[in-house]
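Bear in mind that the values in this text are calculations on the coordinates, not laboratory data. The model shown is predicted, which means the values in this text are computed figures rather than measured ones. Don't worry about glycine lacking a Cβ; one is built from the backbone with ideal geometry, like all the others, and counts go over all protein chains shown.
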Amino acid sequence: MDESRKGSADEGDPSRFARAKDFASDKYSAASDAVKNQYNRVRERVDDIDFGEITDQVRGYVRSNPGKALLISIGAGFLIGLLLRRSDEEEE
């Protein structure tokens with residue numbers, strides 16, 4: 001009785017695997033298309049950014065608010081140092 005079940009299961013396996021392969025292929029294709037579309041959107045947004053203008057704005061802010069700019073840079077450096085130190089400790 002077990003052998004008859006095994007025989008019928010073997011006959012259905014190729015079609016089940018083919019359906020699973022088609023399903024996985026469809027999902028992979030959909031995910032790949034979504035990632036490509038998102039990449040293109042982000043690339044277009046980055047291309048639209050004028051980094052020269054942003055640099056000029058930052059320079060203007062630093063010149064008009066040197067104390068704030070210094071405190072912001074110290075805080076950012078401190079946070080980056082903490083993050084780097086933690087990642088070094090985790091590796092050991």
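The label point for Arg19 and the one for Gln57, both projected 7 Å from the Cα toward the Cβ, are 5.5 nm apart.
Peptides 68-75, 27-34: what's the order by average Cβ count within 10 Å, highest mean first? Before the final figure, lay out the partial values.
Working: 68-75: 11.5, 27-34: 10.0.
Sorting 68-75, 27-34 by mean packing, highest first, produces 68-75, 27-34.
Go ahead and run the numbers for FRET between Ile80 and Ser29, Cβ-Cβ distance against an R0 of 35 Å, rounding to 0.05. Efficiency computed from Cβ-Cβ geometry: 0.35.
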